[in-house]
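This is the structure, below, for whatever I ask next.
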Amino acid sequence: MKLSDSSYKSWMQQCCVANIEIFKYSAGVHNVHRADLASFQSCTPSATSNALTTGNDEITLASEGKKWYLCSKATHCATGNMKLAITVLPEVESPAPPPEISAATAFGSSTQLLWIGAALAALMMMI
């Protein structure tokens, strides 16, 4: 998921563990702080939060649960446009491929195939 200046709005997003969020923005104009719920709601980064400032910040979502991010420049977060809440879902495993079915398995034994063939032949003669 890439977030640019124009799409970095206050919205709820769902994604899975092991996804990488990429925050793309104008360096020096914005930043990204990881936040807890209280910091997110107040738009005030915690004292231990370090701002990401490259303009091309990658964050790996390594665990499930709620994640919050905000911009601490000027009133960007407070105006509601520069904060993001993400719900990280458990990693989903790929389903097993369906079993292969041979013609004999699909239609039964060769005796059943003969009866089906005879029935089809009889129907064709009636038409």
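If you rank Val17, Val32, Val92 by how much accessible surface each has, with a 1.4 Å probe, what is the order from largest down?
Putting Val17, Val32, Val92 in descending order of accessible area: Val92, Val17, Val32.
Counting only residues 5 or more places away or on other chains, whose amide H sits under 5 Å from the amide H of Val17 once H atoms are built in the peptide plane?
HN-HN under 5 Å from Val17: Leu89, Glu91.
On to the next question. Can you compute the modelled spin-label distance between Asn81 and Thr60, with each label point 7 Å from Cα toward Cβ, in nm?
Between Asn81 and Thr60, the label points sit 3.4 nm apart.
Could you rank Cys77, Cys43 by how accessible they are, 1.4 Å probe, largest area first?
Cys43, Cys77
Once fully extended, how much extra length lies between Glu100 and Asn50, figured as 0.36 nm per residue of separation less the alpha-carbon to alpha-carbon distance?
12.7 nm is the gain from fully extending Glu100 to Asn50.
Follow-up question, since we're still on this one. Please list 3J(HN,Hα) in residue order for region 22-30, calculated via the Karplus relation 6.51 cos²θ - 1.76 cosθ + 1.60 where θ = phi - 60°; whole Hz, with x for glycine and proline.
Residue by residue, region 22-30 yields 10, 9, 10, 7, 6, 4, x, 8, 10 Hz.
The values are calculated or read from the model by the stated rules, or taken from the named source; none is laboratory data. Just so it is clear, the structure is predicted and the values come from calculations on it, not from any experiment. In this analysis, Cβ positions are derived from the backbone assuming ideal geometry, glycine residues included, and neighbour counts consider all displayed protein chains. The accessibility values were calculated without ligands, DNA or RNA, using every heavy atom of the protein model including side chains. Shrake-Rupley method; radii C 1.70, N 1.55, O 1.52, S 1.80 Å.
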